[in-house]
Structure formats: structure tokens, C-alpha cells
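S.K.: Below are the C-alpha cells for one structure; questions will follow.
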Amino acid sequence: MNKAPRVLDIDNIARIGLMYLDGDLVENVMLDKLSLDYDDVTYNHEQFYELKSALTKTERINPDLDITAVLWQLRPDNDQLAVPIICGNAFPEEGWEITLVNPEMDRVFKTGESCVKKRSDTCSSHYYAVRNSDNAIVAVLELLVGRGYRKDI
Amino acid sequence: MDIYLIKDYFRIDGLCGRVVEEEYSQDCIKYDSVIGLVGAKNEYVSFQVVIDSAGEKVDNFKIDLSDLSGPGSISNSAYEVYIEWFHKINGKYIPDALIPYDKTDFKFRIPLDEKYLKDQKAGALWIDLYIPEDAPAGDYTGKLRVSADNFSKEFEVRVKVHDIALCSESKVFADLNAYADSISHVFPHLAQNPNRYTDGSYFEVEREFYRLAYEHRCVFHHLPYKHSGAVVESYAPELEGEGLDIRVKSWDIYDRHFGPLLDGSAFKGCKRGSAPVQFMYLPFNFCWPADYVKWGKKGYRTEFRRIMKEFTRHFEEKGWTNTYMELFFNHKKRYRYFPFDGDETRFQEDAVIFEIFHEYVRDIFEETKAKFIFRTDSSWSYGLHLHDKYIDICNMWVVGGSIFSWFPEGPRMMQERNNIVFIYGGIPRGMAENLQSLFFWPVRAVMLDIDGFTLWNSTGFGTQDPLETPYGNGNTIYWYPGSYFGYNLPIPSIRLKALRNYVQMADMMKMTKGTWMLDEIKDMINRFYNADEKFWWREKPELLNTPPHTWTNQKLSDATAGYRKPKESPALAERMKTETLKIITSGR
């Protein structure tokens, strides 16, 4: 009884968030996509502010859900590796470093269909495709719900 | 069974009874009947009692310390006794945690604990003696009697008190940095209490960290927010409204948390007298109090400034005008929360944030009677920022030691602007290291003519049991939870005691600033280290001709590869102290 409305809530939140996440900005916000040195990460500042603001507003649509929003991209040189390029209020479960793309996220990158990764009885990651003005998938929006705390260093 | 005394700069391996610092064991003297200590007034001196039972169990133990008599009398209440706890490091039992002898029900025995230390063969006690400020100078003697089961031994403790009083205020700041809340998880009574930030239990424990630091001539520095910008509960006042309507709704939790530290009452009863904590982080960051969603818009500036103004007004009203309150941005862009580094700026375009925030707070900081300052932690860009506008924007600089040493002009330029300078980094300080590695920090602060040094993490407990083998062999831990011993507060470590003793010496050295004595002291330090100016100030490397964002860790490592780290006997500390006292007494 409880699950369906909640999932619907998250999908609606994602729909609103995606309206404000400009895929063209997402595409180029990280300037050194090929760097493996985490100290080398550089961003286009203005694009970052726009996107971070959209993530934060998305997180706040329903404060009761305590959502963490994260934007993911695949590395151009290895599509098995995913990079959290902008974090909202916390890290995703995988942390802040480059990580192996999980099957659910991979499916979203490949098909554009949203997907849910269940992490525990209460916690799940909801993935949605982010598209640019050419309608190409350029990132995945993760909305993490039900973790119960905010992961940080 | 053997009972003997040793000085405070060696340690005994509880597994075998030999000296931990085997390489220098010839310098470790076992005192069988008389031990001599030298100190100034208002100074702690220390030594250790070793009980080597050769593997036999010891169940009954007693220690008696008499008053000391000489030109005056020093009460035996000036002694503090600690049971040394051993940790398993590299096949040794190395002592570090110190259990207060008379504050818990935990008793000295061998082994101390069947679970942790079943193979223990030797035990030890750490003994501090505080020389009161009003003790007449001269030679004092007292008795020490130790009984272990049926064996007992009496010693004479001789203390030479010089006619010098160590300053109560710090001249060299030993900064023990930490990241809130990094302590609750190692205290079960806090970890299990969701109300710990409001019911006073967390404040009680955290305050003891501040007290321990203060009593050991250090400063506990607890960063109040996460990399995301989220402020830890109780580390900021409650706000309401936004934009032009933003205001502090209640100071209650903030004042209860920090008031006693800022007015000094938290340090009542400390030997060097109570005084407000010298440095503290502000909760201000990229996400507090201003809403980061408003970044770049006028509302962000409005919110940041309004609450900063409320802070300075509140501090003035409370009379909290003695603590340096630091506006510091610890955020790093590699954690993907923000597009620029607030900490350790490497890309020059990121430095613009210092200008932005300086513009927000400049007039507020200039107008207030409270000591609000703008702090930066800088290494990559230190050389560039030293010579541009940022030296005037930031008032407090915490700089990587190696890079700092490339710029001998730095201290003078900073002093001309009344900037505060600390260094950090580099020298290992885990418990497997010779205590000399800690000694080098305060000595370096004296030689470089700077204000202090930062040990970047003092509560990095990680998830390992600190009583077994601490995380990183203890290189980010200077104290321990006392909970296992029935004491729900932090307890000190041998390394914290050693650090205090070394900072005392550095403070004493710095008391001579502006006199010929400091030059003599610096010459003496150079003789002991077989060093000269080039040891403290390094030649500028080729690397400096390239922009910092192109420096890799490897390039930095190559640029500092030839730097000799001092590797000396732990006994050097005593030799240097003796010489320092000689120079100062001759100067008087």
C-alpha cells in the first residue's frame, strides 16, 4: 500500500527536476573528463552553479523523503566506469570517486528508461536519463531515498 | 622482578621489557635509586616507572609519592599518575593511552588486561609533576615507593627548579585539528544517545577534549561542518527567515555549546589558569548561513552578511573578544559538492572565492571588537599568494611545511601584516615513530619564527579498536576514549604528554624573542641538528616556474626529495632543554 505512492512521488519529483537540469550544461560542466587524478577535477563554474541549484531544489521538493540527488556521467574512454560529477546534499552510496557502473545505471545510460536499484528494505536509488538538446543521453540523475543519513567524508 | 625509572622520552615495549626505540637504547638510562629532573616554574616535568615482571603476573600494586622539599615545599598533589596502556604495533606492545590512576576503578596489574594484552611482561606508569609558579627556585627532593606483589623499591626524586617561570599563554600554538563529530562513535554512551547534542552529554565529552588540549598547551580545533556544507547539530545557532528577513532565531544551543570555551570557564582548574580558547572555527561555509541555491545572487551576500553581523554583535555582547574566530572554507571540489576549492587552492581561478567572501565580511571584521579572521590553508599556491593581494585578504595562513620552506621572505611579510602563520604536514608522528618526530614541530616553529603548527587530525579514530591497534598506528590520534576503563571522557596519550613537554620548551625559547638569547638558542638548535640556514629554508625549486595546477604529487615529491628529516635520539629533547635553561638563566 505504501510503496506505490512513494515511487510515484519520486518519479514526479524527478520529472520536475529534469525540467530544470539542462542536458547541454551537464554535458560540458566537467572540463577534464579524462583525468584520473581526483585532484585535477575542474568545472565550468557557472554551469556548475546552475546544475547544483537544480539538484538542490529537486531534493527540497518533498523534504519528508530526504532525497539525495546526484548527477552521473560515464567516462568517455571507458563506459564501464561512472563518475558522480555533481553531488547534492550528500555522496551517493558509492562515494565520490570513479566507480564501476552498476547494472541499473548502465541500463538507463543504454536505454533511457528509468530504473530502480534497491539497496535495502528502506533505501533505493532511482535513476533517470538526462538528455541534451539533441535528445542524446548525457548523464543519469540519481535520486537516493531512504538511506536515513547523509554520507560524507 | 625489576622496578626502575626512566625519563619521559623513551618508551618500554610491554611485550619484552626492552626499549621501543631500540636504535637509541644506549641513551635510555635506567634509574635504580635516584632520578633527576629539571624544570621551570609553571612547567610540567615527567618521568616513568617501569615494572618488569619478566612475565610473572602482578596483582597487587601500590605507588606512594611524598611531598618534595627544598627551598620551599611542593605538595605531592602536584603529581599526576597514569597507567600506561599498550597497543599492538609492528610486533611490539607500544605504550600510548594513559589511564588516570586515581580517576577510574581500573587497577595496575600485569597483564593489564587478559583480552588485549595477555602476553604482557612489563608495565609502566607515567608521572607528571607540575612545578607551581610560586615554588622558590632551588633543588627539591622527595621519595617514591613502588610495591608490586611482594617486591618493593624506594627511589629519590630530585627536581631542580630554575628561577624562571614559564609563560602561561602560548607562544607556539600546537593545533590539534579535528572534524566534527569525530568523537561520538568511540564513546558508546554518546553513540547510543540520539539526544547527545541537546542533553549536554556531548558537550561534556567534547569539552574535555578542549580541556585536555589546553592543559597540554595545545588547541583543540573542531571543524563544525561537513564537506557538503551541512553543519553538525549544535555547532551553529538556529536561524529563521531568508534573504532580508534572515535572522538568528535562538542562540541557546550555540551558547551552551561554546560559551564556556569562549569565556574560559571551561578551563577552570587548569594549571596554567583559565583563559578563553585561543582559536575556533566559525560554522560559516559555502552552504551556511546563506543558501547555496542563491550563489551569485544578491540574496546570498545578504544572508551571509546579516548572520555574520549578528555573530560579531553577539560575541561583543557576550564579551567573547579574546578568541580568534576563523572564517575557513574546507570544501574541496574533488568531492563534487562545489566547483572550486576552498581549501588548498591549486587552480588560480578558484582563488576568486577569497575575494568574494572578503568583500562580504571585510567591513564587519574591521568594525568588531571580537577577533574574527579569514583563514586559508595553503600549499600549492602559497608562493603566488604570498606575493599578491591574498596576503592582505587572509589573516591566518596554515601552510604545508615543505612549500613554506621555499619562501624565507614569508614570515617577515606575514608579520608586517599581523597575519598568523602555522605550518603542517610531512613528519610522521604515529606511535611507532621515535618521539623526536613530535619534538621537531615546536622546534621548527621557533626556527622559522612562526606562530604554530597544525597536526591535521587528532581524532581520526577510524573504525579500528584504538586500544588494540589504532587506525594508522595512531598517527591521527592523540587521545583515547576512556569508556573501556569506566571513564566516559577522553584520556591523554604519551604522545600528547611528549608534545606538551616539547611545546613548553618552545614557549620558553620564544619567551626570549627580541633578545640575544633567542639567537643563542637558534645556534644551539643548529649545533644539535648539525644544521644551518639551508636546512630550515630550502632553495626554490624549478617547479616554482610552472603553475601549481600542473604540479603532480610526484613532481612535488621530487622537488622535496633531498630534504633531510632529522633522525636523532629521543634524548635530544632533554639535552636541548638543559641548554635552553642554561642560556636563559645566564641571560638573567
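Taken together, the values in this text are just the output of simple stated rules run on the coordinates, not laboratory data. All of these numbers come straight from a predicted model, not from anything done at the bench. Cβ coordinates were reconstructed from backbone atoms using ideal geometry, including for glycine residues, and neighbour counts include every protein chain displayed.
S.K.: Taking chain B as the reference, fit the longest principal axis to its C-alpha atoms, fit the long axis of helix B:516-529 to the helix C-alpha atoms, and give the angle between the two in degrees, 0 to 90, nearest 10.
M.R.: Computed tilt is about 70 degrees.
S.K.: A further question follows. Only residues of region B:1-24 count here: report those whose backbone N is under 19 Å from the spot 7 Å along Cα→Cβ of B:Thr141, or say none.
M.R.: B:5
S.K.: Follow-up. What's the center-to-center distance, using Cα atoms, between region A:69-123 and region B:384-439 in Å?
M.R.: 40
S.K.: Report, in degrees rounded to the nearest 10, the 0 to 90 angle that the Cα long axis of helix B:252-262 makes with the longest principal axis of chain B.
M.R.: 50
S.K.: So if R0 is 30 Å, what FRET efficiency would B:Gln26 and B:Asp105 give, r being the distance between their Cβ atoms, rounded to the nearest 0.05? Intermediate values should be presented prior to the final figure.
M.R.: Details: r = 40 Å, r/R0 = 1.32.
Rounded to the nearest 0.05, the efficiency is 0.15.
S.K.: Quick one: net charge of B:Val205's neighbours, Cβ under 15 Å, K/R +1, D/E -1?
M.R.: On the way: positive: B:Lys103, B:Arg196, B:Arg207, B:Arg211, B:Arg256; negative: B:Asp181, B:Asp199, B:Glu204, B:Glu206, B:Glu208, B:Glu233.
Taking every Cβ under 15 Å from that of B:Val205, the sum is -1.
S.K.: A further question follows. As a footprinting exposure proxy, order B:Thr463, A:Thr122 by other Cβ within 10 Å, with the fewest listed first.
M.R.: By the 10 Å Cβ count, ascending: B:Thr463, A:Thr122.
S.K.: Let me know the mean shielding of B:327-340 by other chains, meaning the per-residue number of their Cβ atoms within 10 Å of its Cβ. All intermediate terms of the calculation are to be shown ahead of the outcome.
M.R.: Numbers: counts 0, 0, 0, 1, 0, 5, 7, 7, 10, 19, 10, 7, 15, 4.
Average neighbour count from other chains, rounded to a whole number: 6.
S.K.: Going 7 Å from the Cα of A:Ser120 toward and past its Cβ, which residues in region A:82-108 have a backbone nitrogen under 16 Å from where you end up?
M.R.: Under 16 Å, as judged by backbone N against the label point of A:Ser120, lie A:91-95 of region A:82-108.
S.K.: Also, I was wondering about something else. Cβ under 10 Å from B:Arg336's Cβ, B:Arg336 left aside: what net charge do those residues give with Lys, Arg +1 and Asp, Glu -1?
M.R.: Numbers: positive: A:Lys52, B:Lys332, B:Lys333, B:Arg334; negative: A:Glu97.
Overall, the nearby charge balance is +3.
S.K.: On to the next question. Would you mind giving the average projected area, over all directions, of the Cα convex hull of chain B in nm² with one decimal?
M.R.: Working: hull surface 105.6 nm².
Mean projected area for chain B: 26.4 nm², to one decimal.
S.K.: Could you let me know the centre-to-centre spacing of region B:257-319 and region B:226-251, using Cα atoms, in angstrom?
M.R.: 11
S.K.: On to the next question. Mind checking B:289-296 for the average number of partner chain beta-carbons within 10 Å of each residue's beta-carbon?
M.R.: On the way: counts 0, 0, 3, 4, 8, 2, 5, 5.
Mean partner shielding for this stretch: 3.
S.K.: Arrange B:Asp377, B:Asp2, A:Asp32 by Cβ neighbour counts within 10 Å, fewest through most, would you? Show your work: numbers first, answer last.
M.R.: Values: B:Asp377 24, B:Asp2 15, A:Asp32 11.
By the 10 Å Cβ count, ascending, the order reads A:Asp32, B:Asp2, B:Asp377.
S.K.: Take region B:224-374, compute every pairwise Cα distance, and split them into 5 Å bins from 0; I just need the percent in each bin.
M.R.: With a bin width of 5 Å, the distribution comes to 2, 9, 17, 22, 21, 14, 9, 4, 2, 1, 0.
S.K.: Same structure, new question: Let me have the 222 nm mean residue ellipticity of chain A computed from DSSP H runs of 4+ only, each contributing -39500 (n - 2.57), with the sum over all residues rounded to the nearest 500. Each step should come with its number before you reach the end.
M.R.: Working: 4 runs with 49 residues, N = 153.
Result for chain A, helices only: -10000 deg cm²/dmol.
S.K.: For the pair B:Thr198 and A:Arg60, what calculated FRET efficiency results from E = 1/(1 + (r/R0)^6), where r is the Cβ-Cβ distance and R0 = 22 Å, to the nearest 0.05?
M.R.: Details: r = 25 Å, r/R0 = 1.13.
Working from the Cβ atoms, E equals 0.35.
S.K.: Against the longest alpha carbon principal axis of chain A, how many degrees, from 0 to 90 and to the nearest 10, is the axis of helix A:3-20 turned?
M.R.: It works out to around 30 degrees.
S.K.: While we're looking at this one, here's another question. Exposure proxy check: B:Leu496, A:Leu141, A:Leu31, B:Leu144 ranked by fewest other beta carbons within 10 Å? Walk me through the numbers on the way to the answer.
M.R.: Details: B:Leu496 28, A:Leu141 23, A:Leu31 13, B:Leu144 20.
Listed from fewest to most nearby Cβ atoms, that is A:Leu31, B:Leu144, A:Leu141, B:Leu496.
S.K.: Between Rg and the Kirkwood Rh of region B:51-98, both from Cα atoms, what is the Rg to Rh ratio?
M.R.: On the way: Rg = 15.9 Å, Rh = 14.0 Å.
Reported Rg/Rh, Kirkwood definition of Rh: 1.13.
S.K.: To the nearest 0.05, how large is the calculated FRET efficiency for B:Glu238 and B:Met413 if R₀ is 45 Å and r is the Cβ-Cβ distance? Don't skip to the answer; put the middle values down first.
M.R.: Numbers: r = 41 Å, r/R0 = 0.92.
Efficiency, rounded to the nearest 0.05: 0.65.
S.K.: Quick one: which of B:251-263, B:170-182 comes out on top by average Cβ neighbours within 10 Å, and what's the full order, highest first? Write out the running numbers ahead of the final one.
M.R.: Numbers: B:251-263: 18.4, B:170-182: 22.2.
Top of the packing list down: B:170-182, B:251-263.
S.K.: Let me ask something else about it. Using only atoms on other chains, find how many Cβ atoms lie within 10 Å of each Cβ of peptide B:226-234 and report the average.
M.R.: 3
S.K.: If you take every DSSP beta bridge whose two residues both sit in chain B, what share of them, in percent to the nearest 5, is antiparallel? Could the numbers behind the result be given before it?
M.R.: Numbers: 60 of 96 bridges.
Antiparallel: roughly 60 percent of the beta bridges in chain B.
S.K.: Only helical DSSP H runs with n ≥ 4 go in: add -39500 (n - 2.57) per run for chain B, normalise by residue count and round the 222 nm mean residue ellipticity to 500 deg cm²/dmol.
M.R.: Values: 15 runs with 158 residues, N = 588.
When only DSSP H runs of four or more count, the value is -8000 deg cm²/dmol.
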